[in-house]
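These notes are about the structure you will find just below.
Quick note: the coordinates plus some simple rules give every number you see, no bench work behind them. Bear in mind the structure is a predicted one, so any value in this text is a computation, not a measurement. Glycine gets a Cβ as well: all are built from the backbone with ideal geometry, and neighbour counts include every protein chain shown.
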Amino acid sequence: MNEFRSVKLYQPLPVGGDKTLDTLRFRAPKAGDLRGLKLALLEEAEVDAVLTLAPRISMDAVSAAHLAELHPADLLALTAEVLSFFAPPGTGAGAMGRDSPTTPGPHGVS
């Protein structure tokens, strides 16, 4: 199982001064990263839950305030990648066993 994910951003994210990020990198969450979060809200891709977890597992110095400035397409991509950590290994499925919007279907099927 890949313990790391990255999201190439459609719109670079300003993170202070004139610095921007065009890719966000994440590591797999550990139990402690999930403290105070309801897994059911993560499963439902609830934005506040995702924006709480994402900075905790980001390998880049970003805060929830930074992530609140994401373009909606980037938020959706980030959500799919973060939730893909919760898929059973080897299933190719997204969050909680459902297909992810970023998971390609079989050849010729969209």
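Order these by the 10 Å Cβ neighbour count, fewest first: F4, F85.
Values: F4 12, F85 19.
The order, fewest Cβ neighbours first, is F4, F85.
Projecting each Cα onto the charge dipole of the range 30-90 (Lys/Arg +1, Asp/Glu -1 at the beta carbon, about the Cα centre), which of A31, F86, S58 comes out farthest on the positive side?
The Cα lying farthest towards the positive end belongs to A31.
Can you list residues from other chains, or at least 5 along the same chain, whose modelled amide H is less than 5 Å from the amide H of Y10?
Hits under the 5 Å cutoff: D74.
Reachable lysines from K30, Cα under 27 Å, same-chain residues fewer than 8 places away excluded?
List returned: K8, K38.
Starting from the amide H of E69, placed 1.01 Å from N in the peptide plane, find each other amide H under 5 Å away whose residue is 5 or more places distant or on another chain.
none
Can you tell me how much longer the chain between K19 and S63 gets when fully stretched, taken as 0.36 nm per residue apart minus their C-alpha distance, in nm with one decimal?
Details: separation 44, 0.36 × 44 = 15.84 nm, distance 1.42 nm.
So the chain would gain 14.4 nm between K19 and S63.
With a 10 Å Cβ neighbour count serving as the proxy for reagent exposure, in which order, fewest first, do T20, T52 appear?
Working: T20 12, T52 18.
Listing T20, T52 from fewest to most nearby Cβ atoms yields T20, T52.
Dipole of the range 4-87, Cα-centred, from +1 at each Lys and Arg C-beta and -1 at each Asp and Glu C-beta, to the nearest 20 debye? The partial results should precede the final answer.
Numbers: 9 positive and 11 negative charges, 77 e Å.
Approximately 360 debye in magnitude.
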